[in-house]
Amino acid sequence: MNVLFIEDDRMNRRVVRDMLDVAGASMVEAESAERGLEILDGQEFAIVLVDLRMPGMDGITAIEHIRARGDAKASVPIIVVTADIAPDLRERCLAAGADDVIFKPVAMDALFEAMGAILARGAAGEGMIG
């Protein structure tokens, strides 16, 4: 499984990479939303993980850009990975097109549970590409 992680913090990317390695998944890193969108243009991903607070384009805007694409990549599953605890955060992320939200510090079981649920929905024919 190929995962794109859009996250400006190098240590957060490393922690998630180590977790995905345990599951045998490969991860491509993007240090900004703009770079993540460029990478998405050229590769296929089973899931996109995206941070919300980044310099330049934020995660919500990146999600909106992905969902507005005119191709099959517009339906790639997206999980927000954030330290933000705003009361309406989950609703805002889902409204922008995210499939789920998990919180930092990322726990391996929370990450795998969110990814598994999304992949299971896709396997059941609910619109996942792949």
Sequence-distant residues sharing a close amide H with VAL28 (under 5 Å, placed H) | VAL3, LEU4, PHE5
May I ask you to derive the FRET efficiency for ALA107 and ASP21 from their Cβ-Cβ distance with R0 = 25 Å, giving the value to the nearest 0.05?
-> 0.95
Tell me, what ³J(HN,Hα) does each residue in segment 85-99 have, in order and in whole Hz, if you take phi through Karplus 6.51 cos²θ - 1.76 cosθ + 1.60 with θ = phi - 60° and put x for Gly and Pro?
-> 10, 4, x, 9, 4, 4, 5, 5, 5, 5, 5, 6, x, 5, 8
What spacing in nm lies between the two simple spin-label points modelled at ALA120 and GLU31, each 7 Å away from Cα in the Cβ direction?
-> 3.8 nm
Residues whose modelled amide H sits under 5 Å from the amide H of ASP100, counting only those 5 or more places away in sequence or on another chain, are ILE78, VAL80
Unit charges on C-beta of K, R, D, E only; dipole of segment 2-123, Debye | 120 debye
Taking the Cα centre of each part, how many Å lie between segment 56-103 and segment 1-31?
-> 17 Å
Using θ = phi - 60° and the Karplus form 6.51 cos²θ - 1.76 cosθ + 1.60, what ³J(HN,Hα) does each residue of segment 109-119 get, whole Hz, x for Gly and Pro?
-> 5, 5, 4, 5, 5, 5, 5, x, 5, 5, 5
State the label only: which of (i) 15.3; (ii) 14.4; (iii) 15.8 corresponds to Kirkwood radius over Cα pairs in Å computed from the shown model?
-> (ii)
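Read-outs: derived from the displayed coordinates by stated rules, not from any lab. Nothing here was measured: the structure is a model prediction, and the numbers come from that model. Quick reminder, even Gly has a Cβ in these numbers, built from the backbone with ideal geometry, and neighbours come from all protein chains shown.
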